[in-house]
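Some notes on the structure that comes next.
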Ligand SMILES: [Zn+2]
């Protein structure tokens, strides 16, 4: 879990204390965009890992072929003994070739939730005229009217404030808490299909070690 | 974290699956098919490369979780 706390008290035109205040939409959108970028970074890292450790790149074509590892496979099947005409157990030991990607417990690590927590005092509300009504489309409802935009300033945490001493009470503290939770999320369908194809195509193709008992 | 992997049983006559833990596989443990009792285990020559890949995967997970 990443816990970001931003506190500040500058008095620029966008800081919230003077002027029209902070645009609430960007205050919420900022951490969400940051979380989305962090998510994309994690996914890219995993894609790079899969390509660099589970696949081999052909230097000429640039195609990636799966890295194959040999695995030992023993099976016992009932067969009919041609001499005695009785069923007997046939044990064979084979080597199967398996893509290494099917041996790795892959799962996607991604951002599962983002909590943006702050208390805000609305200091301004603007309405901007929408100009989308110039073209009339029969299939799309006309966008009419004004879009409200809220501006405010982040107030200090009221719960915390109760425990603060009177001297601190008038201090201008802004607090924005962003909690980002990352957890394992299911593999994308494309990746699942690829793994299924690989695991279903495993066959004992080297019978040179086969022995009958 | 669930590390159990599943592969189709390589026995052509069997339609079962083999479940295995790759971390135990590199330690030399073998896993069997619940339908036909066929057994898979890691070849000596594969151990190093699989171990190396699993270690890199663990490093990546540690990086992205921090
Ligand atoms: Zn089987």
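Where a number appears in this text, it was derived from the coordinates with a stated rule and is not lab data. If you're wondering where the values come from, they're calculated on a predicted model, not measured in any experiment. As a convention, Cβ positions derive from the backbone with ideal geometry for all residues, glycine included, and neighbour counts pool all protein chains shown.
Observations on the model:
- Summarising the label geometry, the points placed 7 Å from Cα in the beta-carbon direction at residue A:189 and residue B:30 lie 4.0 nm from one another.
- If the segment from residue A:85 to residue A:149 were pulled out straight at 0.36 nm per residue, it would be longer than the present Cα-Cα gap by 14.2 nm.
- For A:37, A:93, the sequence from fewest to most other C-beta atoms within 10 Å is A:37, A:93.
- The calculated FRET efficiency for the pair residue A:78 and residue A:34, based on their C-beta separation and a Förster distance of 45 Å, comes to about 0.15.
- Subtracting the Cα-Cα distance of residue B:2 and residue B:48 from 0.36 nm times their residue separation leaves 14.3 nm of extension gain.
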